[in-house]
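What follows is a set of notes on a single structure, which appears directly below.
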Amino acid sequence: MEQIINKAYFHYNKALNLIENKKISSAKEELKKALNLYQEDIDILNLMGVCEYYYCNFEQAYRYWYKSKNTINDKNDANEFIDFLSSTKYEKLVINYNKAIDYIYQKKYNEAIIVLKGIVNEYADLIEPVEMIVMCYLELNKNKEARGYIDKLLEKDSSNINYLQAKNQINSGVSFKIKRKKENKIKTILIILVIVLTFVLIMLLSLLNSKKISYNQALSSSNSKYDMLLEKYDEEKTINEKLSRKVEILNLDSDESKFILFNKYINEYSSSNYKEALKGFEYIIEEYPKKEYIRSEATYFAAKSARMLKKYEDAKEYYEIYINEYKNENYYDDCLYSYGLMLNDLDEKNKSKEVLEKLVRYKPNSEFINSKVTKVINQ
């Protein structure tokens, strides 16, 4: 295991050197290699999150930072990174980003360039806004200006093959447009919409607290689907609690707000409020398809919450879901270990042995393989 960890650190140190030399794309490849070897080091996770942030892949950045925070919370830079993603400064960034994309879709490229340059001036590390400026100049047939900003892109990430190819084609006089993948555009828009919705949520709750809107006014903005969900969860809640939950549910269709809600239930779990945590995690499991990362995380914590509440049948169900559906996710070996030991404590010896044998077979380098595991398997 020590040899594997050292190899992971080799790739991490190489990535650090590449980032210092403005080779972000190459650094990401080294960090992927490091994470394939060892996923429990907070420095590796945090640095990968930073690289994703540079490219405005905010959801992926959050994923790595959250995993880091969950590994070690104390004195972890991931806390500061996550706080930024919940700040009003970040909301302003993405609202402006949304405005630029709207201008691009309306083919108002000059207006988009003005907004994007403002973002670049304030957030010099971000790469994607510069790429969008290049795209706008190319649409305006201003190849000289586009070439200048491609040079800026290469100053930020000299190892990006796409930027090198773009520069060569423009210099050779070939008509060229930067092609941005459709799914990346959609993802960016979703991220932006989510921050707008989060901003609306904050404003709505603020207005409520200052008694500037009534409960009925806020309630009227909800559709019937969310009314049904609300009724299921809070029949015995106060009016203000109902409104707060309704606003949360209204925002769940957007990427950033679902993470905010997920974090709320993580905080409940961390505070030993397992009943409330389980209720929230079960809601997320019910609402999101299994391919969603947030659902796999909620499944893991639902199992842990149910176990703490001694709801062993529920815990078994969620452990089984995670083990069968999320073999490549963060907590696979953890789930096998915890589930196996729980079964052993419940005197289900054969099933316990079967689960822990999977741990040894599929995750032979796992830190969870210890004397307890060996004892159960050999009994």
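Details
- Of the residues Ser26, Ser86, the single one that is among the small types (Gly, Ala, Ser) and either at pLDDT below 85 or in contact with a Pro (Cβ under 6 Å, 6 or more places away or on another chain) (or both) is Ser86.
- When the helices (runs of 4 or more DSSP H) confined to the stretch 41-146 are screened for residues that are touching a Cys at 6+ places or on another chain (Cβ under 7 Å), those reaching at least 2 such residues are found at 109-122.
- Residue that is more than 22 Å from Leu45 (Cα to Cα), touching a residue at least 24 places away in the same chain (Cβ under 8 Å) and of a type in the set (Asp, Glu), where the choices are Glu320, Glu287: Glu287
Results for (1) under 22 Å from the mean Cα position of the chain (by Cα); (2) assigned by TED's automatic domain parsing to the domain that holds Ala61; (3) of a type in the set (S, T, N, Q), shown as yes or no for each residue.
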site: Lys279; (1), (2), (3): yes, no, no
site: Pro289; (1), (2), (3): yes, no, no
site: Ala298; (1), (2), (3): yes, no, no
site: Ser305; (1), (2), (3): yes, no, yes
site: Glu313; (1), (2), (3): no, no, no
site: Glu317; (1), (2), (3): no, no, no
site: Tyr322; (1), (2), (3): yes, no, no
site: Asn328; (1), (2), (3): yes, no, yes
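- Exactly one residue out of Asn79, Asn110 is modelled with pLDDT of 85 or more and over 28 Å from the mean Cα position of the chain (by Cα): that is Asn110.
- Here Lys22 clears all of (1) under 24 Å from Lys156 (Cα atoms); (2) part of a helix (DSSP H, G or I); (3) touching a residue at least 40 places away in the same chain (Cβ under 8 Å) except the condition numbered (2).
- Residue in the stretch 62-82 that is among the acidic types (Asp, Glu) and touching an Asp or Glu at 6+ places or on another chain (Cβ under 6 Å) present: no
- Scanning the stretch 80-90 for residues that are buried (at least 18 other Cβ atoms within 10 Å of the Cβ) and over 28 Å from Asp43 (Cβ atoms) yields no hits at all.
The rows are residues; the columns are (1) touching a Phe, Trp or Tyr at 6+ places or on another chain (Cβ under 9 Å); (2) surrounded by fewer than 20 Cβ atoms within 10 Å (Cβ to Cβ); (3) among the acidic types (Asp, Glu).
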{"site": "Asn17", "(1), (2), (3)": "no, yes, no"}
{"site": "Asn36", "(1), (2), (3)": "no, yes, no"}
{"site": "Glu40", "(1), (2), (3)": "no, yes, yes"}
{"site": "Leu47", "(1), (2), (3)": "yes, no, no"}
{"site": "Lys75", "(1), (2), (3)": "no, yes, no"}
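- Test result for Leu16, under 19 Å from Asp125 (Cα atoms), of a type outside the set (Val, Ile, Thr) and at pLDDT below 85: no
- If the condition is being without any contact (Cβ under 8 Å) to a residue 12 or more places away in the chain and closer than 18 Å to Tyr62 by Cβ, then the stretch 266-284 contributes Asn267, Ser270.
- Test: residue in the stretch 339-350 that is within 19 Å of Asn70 (Cα to Cα) and modelled with pLDDT under 95: no
- Test: Glu325 is acidic (Asp, Glu), at pLDDT 90 or above and closer than 18 Å to Leu359 by Cα: no
- The residues of the stretch 1-59 that are closer than 18 Å to Ile82 by Cα and either among the aliphatic types (A, V, I, L, M) or over 22 Å from the mean Cα position of the chain (by Cα) (or both), listed by number, are Ile42, Ile44, Leu45, Leu47, Met48, Val50.
The values are calculated or read from the model by the stated rules, or taken from the named source; none is laboratory data. Fair warning: this is a prediction, and the values are worked out from it, not measured in the lab. Don't worry about glycine lacking a Cβ; one is built from the backbone with ideal geometry, like all the others, and counts go over all protein chains shown.
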